[in-house]
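The values are calculated or read from the model by the stated rules, or taken from the named source; none is laboratory data. On a predicted model such as this, the values are computed, not experimentally measured, just so you know. Neighbour counts are summed over all protein chains in view; Cβ atoms, including those assigned to glycine, are modelled from backbone coordinates with ideal geometry.
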Amino acid sequence: MPKTRPSIHPDERGFFQLYQRSTDMKTLLYNCGEVAHLSNGNNEFPISGDYLHERENLVHLPGMCIMIDDSVISKIGPMEDLLTEYAPWYPVKSENSDTKVIDLGGMAVVPGFVDCHTHLIWSGDRSSELAMRVSGKSYKDIANSGGGIMKTVHETRSSPQNELVGKGIRRVKSALKNGTTTMESKSGYGLDLDSEVKILEAISLVDRSTKCDIHPTWLGAHDFPSEYGRKEYVEHLISDQLPVISELSLAKWVDVFCEDGWFSNEETEEVVKAAKTYDLESRLHVDEFSDSGGLALAAELGSVSGDHVACSNEDSRISAAESGTLQTFLPGTPYTLGKKIDLPIDQCVEEDWPFAIATDFNPNCPIISMPFIGSILSHRIGIDPLISLIAATRNPATSLNCDETIGVICEGAKADLNVLWSSKSDSWCQTPGNSPASMTFKNGNIVNSNEVY
């Protein structure tokens, strides 16, 4: 157990207020452009294969209304029908109605983006590593010379928790500006028990203090700190960190950086199996730099997702599809590393292998915009913008066990929505460098509005 527990009194800190996730106002979104609802009747599973191309079953044509009641979408239907039912007085203002009408002027609506792989909480600056990369040094070279993960670990360990929370809040605000309404966030820049707990508690505070839902993952197995031998550190993770993380209910999942030069397949399996005894599921970093069989291991262990998967072989991808392990591509990482973005996403579509995308926001890849990641997919890899949207919303929601409530626009789902500047839903990923969203709704509340890009 840590010697001392960080004191959590967010209401006394002054730099943030706890966000109240509620609304008592009914809202009618009137005069919608295209509505990319992405709900084809079975939202429990990700969309894959031929279903990705069924635009007529995934996108409503212009002329719909969306009724929001108590943070939930209660009805979707033709504009005149819903206006007659809920606001027959419109456009004349009614003082007696509890329904607010917002005329979208034909702007498209898409689900709030779901970023299922981020490293939100850390301190320090690794921008000097870019010059090292362009001079020819590899990720491992930089790590061996004192940079990389361990540089961030040292700086994060020395940062007070309130400083980490403040940075996390600013980062979430940036994500919200770009339309992200749900995120996953990992620890992993502490590596000792006290620091890992400090980071996970900071994630919890940021979740409670912002307008974005944040789901925590314990990534104690991110690297090997110098104060431990390799075998000793794995034992420390299992015997010391894991019981505390579980007892304090600080994480929903466990993650391991399973990669040549970091955690071996055997070490990964040991940590994941130990976590299962505490009812923690796994989501794993695998096959980023080479094919080490990490995705096949993730499938064998029943992990909810295998992330990066840039170098995984075809048999591993088949195993992942069969086991329900979602392949999550992180194209922002090779982009920031200056590598060729050669991801087999076309093959995933053709072979009916479900997949998602995420930002991998971290000190080495400080991209927190899901539309920018979608732009890489569509502009650089040639993926249909609708397919990219599915990979940024409905599909990642399934790996967070939120498939029935987020990532789709249907009756009974959370009112987590982005209203785009364009009338076309495909525009969501076509303004790199600017947010495509005019307004973002979280639980039926407008949580961000942007100026015209």
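Within segment 350-406, the residues that satisfy the criterion of being of a type in the set (S, T, N, Q), in a loop (DSSP other than H, G, I, E, B) and on the phi < 0 side of the Ramachandran plot are T359, N364, S369, T393, T405.
Is it the case that segment 177-189 has a residue that's small (G, A, S) and either surrounded by fewer than 21 Cβ atoms within 10 Å (Cβ to Cβ) or part of a helix (DSSP H, G or I) (or both)? Checked against the condition, which is being small (G, A, S) and either surrounded by fewer than 21 Cβ atoms within 10 Å (Cβ to Cβ) or part of a helix (DSSP H, G or I) (or both), segment 177-189 yields no hits at all. Is it the case that W253 is surrounded by fewer than 23 Cβ atoms within 10 Å (Cβ to Cβ) and either touching a strand residue (DSSP E or B) at 6+ places or on another chain (Cβ under 8 Å) or under 23 Å from C116 (Cβ atoms) (or both)? Spelling it out, it is not the case that W253 is surrounded by fewer than 23 Cβ atoms within 10 Å (Cβ to Cβ) and either touching a strand residue (DSSP E or B) at 6+ places or on another chain (Cβ under 8 Å) or under 23 Å from C116 (Cβ atoms) (or both).
Of the residues examined, G105 is one that is within 30 Å of L386 (Cβ to Cβ), out of contact with any Gly (no Cβ under 6 Å at 6 or more places or on another chain), of a type outside the set (S, T, Y) and assigned to a loop (DSSP other than H, G, I, E, B).
Within segment 291-317, the residues that satisfy the criterion of being closer than 26 Å to K140 by Cβ and assigned to a loop (DSSP other than H, G, I, E, B) are D291, S292, G293, S303, V309, A310, C311, S312, N313. Looking only at residues that are surrounded by fewer than 21 Cβ atoms within 10 Å (Cβ to Cβ) and of a type outside the set (A, V, I, L, M, F, W, C) in segment 303-333, which one is nearest to the chain's Cα centre (by Cα)? It comes out as G324. Scan (1) at pLDDT below 95; (2) at positive phi; (3) not aliphatic (A, V, I, L, M) for the single condition G179 breaks and write down its number. For G179, the exception is condition (1).
This table checks each residue for (1) touching a strand residue (DSSP E or B) at 6+ places or on another chain (Cβ under 7 Å); (2) closer than 22 Å to L130 by Cα; (3) part of a helix (DSSP H, G or I).
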{"position": "K273", "(1), (2), (3)": "no, no, yes"}
{"position": "R283", "(1), (2), (3)": "yes, no, no"}
{"position": "F289", "(1), (2), (3)": "no, yes, no"}
{"position": "S319", "(1), (2), (3)": "no, no, yes"}
{"position": "E322", "(1), (2), (3)": "no, no, yes"}
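So how many residues does segment 216-230 have that are outside any helix (DSSP H, G or I) and surrounded by fewer than 22 Cβ atoms within 10 Å (Cβ to Cβ)? Number satisfying all stated conditions: 7. Selection of first residues in segment 287-301 that are free of Cβ contacts under 8 Å to residues at least 12 places away in the same chain and of second residues that are part of a loop (DSSP other than H, G, I, E, B) and surrounded by fewer than 24 Cβ atoms within 10 Å (Cβ to Cβ), restricted to Cβ pairs under 9 Å at least 6 apart or on distinct chains, gives an empty result. Residue pairs whose Cβ atoms lie under 7 Å apart, separated by 6 or more positions or on different chains, with the first residue in segment 227-246 and free of Cβ contacts under 8 Å to residues at least 12 places away in the same chain and the second surrounded by 14 or more Cβ atoms within 10 Å (Cβ to Cβ) and in a helix (DSSP H, G or I), are Y228/H236. A count restricted to segment 336-365 and to residues that are crowded, with 18+ Cβ neighbours inside 10 Å and either among the β-branched types (V, I, T) or within 18 Å of the chain's Cα centre (by Cα) (or both) stands at 14.
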